[in-house]
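Below: the structure, in structure tokens.
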Amino acid sequence: MSAGRWRRLKDRLAGRVMGALAFLVAMLVFFIVVALATRARPLLDIQSPVVLLTSSEWHPRQGKFGFLTFIVGTVWVTVLAMVLAVPPCLLCAIYLAEYAPRRLRGTIKPVVDLLAGIPSVVYGLWGILMVVPFVRDVVTPLAARHLGAIPLLRADNPTGYGILSSGVVLAVMVFPVIISVTEEVIRAVPDGMREAALALGATRWQMIKGVALRRALPGIIAAVVLGFSRAFGETMAVMMVVGNVPQIPRSLFDAAYPLPALIANNYGEMMSIPLYDSALLAAALVLLLIVLAFTIMARVILLHAVRRAA
Amino acid sequence: MGKHLEERVMLGLMIGSMVLVIGSLLLILATVLVKGLPALNLAMLTQVPKGGYYLGKEGGILNAIAGSLAMASGATALSFVLGLGVALYLQLFVRQSSRFAHLVRLALDVLWGVPSIVYGAFGFTLLLLLKMRASLLGGIIALALLELPIMVRGMEEVMGMVPFGLKEASSALGATRLETALRVFVRQAAPGIVTVILLAFGRGIGDAASVLFTAGYTDRMPSSLLRPVASLPLAVFFQLGTPLPEVQQRAYAAALVLVVIVLGISLLTRLLVRRLSRYVVR
């Protein structure tokens, strides 16, 4: 075989192998869904998915598996985290994209990246050492004295471990995701549009409000959705501060039991009770499907946003 | 004037938010440092847990440090090999606008958002399928899957910055796509690739939820791919869960070690990038 043919053959071969790898990666999500669904099957055979998702009865030993409590718990924690995180993140991103001098931007960006790199157990540890005591000793007594009449804010959980603490920890965890994506989409707004607004006599903030933010809105929504799906699946940090009490929460101060925490907390005993492993892998499947829906939604919005800008 | 007042109020809020974000980072680092430093000593770093360690007796977390390093290195190596193939394929072997390339990129974005506990659960089903127990290998596989999207998207980004002219020049000289990939793209993007590798390593070493099912935990040093292995994040988690204050102190120290490793990698990345980019054609 001539050297040239050998080289071409090698090239084709490498192309095939790499193409197969790329194909496998493209199918990986699908594999994960199938693998989890297969393991969840024994449970789904005897209990309909509707019951699984809408029942709040959780008695593994009696074969009763309902995820509602855990799904509601996850939603409470995640929504609170987003309510706390979104306003400061947007303001930060606007500042970084529109106001910050180059040097300052250059120093702050790595700091935000650093925040993204901190392991989630460390966030959890910080939650236990600072956030939980603060909620227990300062916020809860204050709320009990002044806000007891408002149903969502009834503070009768004296431990500090609960939705409020985990919402605070989770909010800090999603800061970097929301800030970096939002900053990027705001910076992608063409300068010509900014200049036009400024030339008409708008202040910088009026320009941002009327032009930059309006133009970047789809991207900002996508950033928030991405942050939401990140927060929705976060396990360790939340599990360490949320209290892990299987109840439907009635107030921000209540303890909850999110879905990821359920999976992580019970892996040890799941092989010893019938159908328990099926139930936990079904929980992982539910978690995955919810997160997938949000991530794909965010990506589609982002794609359209990019196309519209181009 | 109203509009200037509004501007000033908003600017104040923005600066307040910046302080909040940076302040929380500093607060977290300060907490870990203040709590971890007093509990840290040489024995923590050089010994494995001895009998009664979890009751406050002697020993250290060397098993977790070694386990985490082994697991994250293995996972990073595995996901690098797989990821490099995929990234080069997307850059050189398919048209950028092809439907397949879009599909793979969308899949990677979706994988990036998959929670680590789901990778753990998936890894667990793989272990059941292969009739294996929680082990170093299981942890490596779960972490490699977790790192893969970071790896591919990161490498694609740095390869995308390779000047188009270099690719054309390489092709014009008669190089095949594979030769262009390995001799031009990889070399040219090397500093960026190193950054991406370290980023993925940092993400892998800090993750707990995915190794919970797949790697297990042990008081011994990692010895075989098929035995359970300890890890730093789980060392923090388990020791915090014990009722004894002495043992909880050690969790703080373990957290400090973990943070030092992660931040060290981050700093190393910055230094290396500056160093390595001297050899790049611009």
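The values are calculated or read from the model by the stated rules, or taken from the named source; none is laboratory data. Worth saying up front: this structure is predicted, and the values here are computed from it rather than measured. Methodologically, a virtual Cβ is constructed for each residue, glycine included, from the backbone with ideal geometry; neighbour enumeration extends over all protein chains shown.
Summary of values
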item	result
Cross-chain or 6+ apart pairs with Cβ under 7 Å, segment A:137-151 first and over 14 Å from residue A:254 (Cα atoms), then of a type in the set (A, V, I, L, M) and in a helix (DSSP H, G or I)	A:147/A:153
Only listed residue being more than 20 Å from residue B:240 (Cα to Cα) and free of Cβ contacts under 8 Å to residues at least 12 places away in the same chain, chosen from A:272, A:229, A:251, A:278	A:272
Residues of segment A:85-138 that turn out to be at the interface with another protein chain (Cβ under 10 Å from one of its Cβ atoms) and outside any helix (DSSP H, G or I), as a count	3
Residue match in segment A:208-226 (condition: of a type in the set (A, V, I, L, M, F, W, C), part of a helix (DSSP H, G or I) and facing chain B (nearest Cβ under 9 Å))	yes
Positions within segment A:1-55 being part of a helix (DSSP H, G or I), of a type in the set (Gly, Ala, Ser) and more than 7 Å from chain B (Cβ to nearest Cβ), in sequence order	A:3, A:4, A:20, A:37, A:40
Segment B:250-274, subset touching a residue at least 24 places away in the same chain (Cβ under 8 Å) and closer than 30 Å to residue B:165 by Cβ, residue nearest to the other protein chains (Cβ to nearest Cβ)	B:269
Of all residues making up segment B:99-121, the number that are more than 20 Å from residue B:77 (Cα to Cα) and assigned to a helix (DSSP H, G or I)	15
Selection status of residue B:105, of a type in the set (Lys, Arg) and either farther than 15 Å from residue B:212 by Cα or at the interface with another protein chain (Cβ under 7 Å from one of its Cβ atoms) (or both)	yes
Filter result for the condition that a residue is closer than 30 Å to residue A:12 by Cα, touching a Ser or Thr at 6+ places or on another chain (Cβ under 7 Å), within 14 Å of chain A (Cβ to nearest Cβ) and in contact (Cβ under 8 Å) with a residue 40 or more places away in the chain, over B:88, B:78, B:92, B:84	B:92
Subset of segment A:198-207 that is of a type in the set (Gly, Ala, Ser) and within 12 Å of chain B (Cβ to nearest Cβ) - its residue that is surrounded by the most Cβ atoms within 10 Å (Cβ to Cβ)	A:202
Residue in segment A:277-293 that is more than 10 Å from every other protein chain (Cβ to nearest Cβ), farther than 30 Å from residue A:221 by Cα and assigned to a helix (DSSP H, G or I) present	yes
Meets criteria (touching a helix residue (DSSP H, G or I) at 6+ places or on another chain (Cβ under 9 Å), over 30 Å from residue B:255 (Cβ atoms), at pLDDT 90 or above and of a type in the set (Gly, Ala, Ser)) for residue B:230	no
Residue check, residue A:189 within 29 Å of the chain's Cα centre (by Cα) and modelled with pLDDT of 90 or more	no
Yes/no for residue B:32 being farther than 18 Å from residue B:261 by Cβ, facing chain A (nearest Cβ under 9 Å) and not acidic (Asp, Glu)	no
Test: residue A:142 is more than 8 Å from chain B (Cβ to nearest Cβ), surrounded by fewer than 16 Cβ atoms within 10 Å (Cβ to Cβ) and over 26 Å from the mean Cα position of the chain (by Cα)	yes
Residues satisfying the stated conditions in segment B:227-252, i.e. of a type in the set (Phe, Trp, Tyr) and either crowded, with 24+ Cβ neighbours inside 10 Å or farther than 13 Å from residue B:54 by Cβ (or both)	B:237, B:252
Unique residue being over 12 Å from the mean Cα position of the chain (by Cα), surrounded by 19 or more Cβ atoms within 10 Å (Cβ to Cβ) and modelled with pLDDT of 90 or more when the list is B:173, B:136, B:145	B:136
In segment A:51-79, the residues that are over 20 Å from the mean Cα position of the chain (by Cα) and in contact (Cβ under 8 Å) with a residue 12 or more places away in the chain	A:51, A:52, A:53, A:54, A:55, A:56, A:58, A:60, A:61, A:63, A:65, A:66
Any hit, segment A:232-240, residues being at pLDDT below 90 and either outside any helix (DSSP H, G or I) or farther than 30 Å from residue A:257 by Cα (or both)	no
Residue in segment A:14-37 that is touching a helix residue (DSSP H, G or I) at 6+ places or on another chain (Cβ under 7 Å) and over 24 Å from residue B:152 (Cα atoms) present	yes
Identity of the residue in segment A:285-310, hydrophobic (A, V, I, L, M, F, W, C) and closer than 13 Å to residue A:29 by Cβ, that ends up modelled with the lowest pLDDT	A:296
Test: residue in segment A:57-68 that is assigned to a helix (DSSP H, G or I), of a type in the set (S, T, N, Q), surrounded by fewer than 23 Cβ atoms within 10 Å (Cβ to Cβ) and in contact with a strand residue (DSSP E or B) (Cβ under 7 Å, 6 or more places away or on another chain)	no
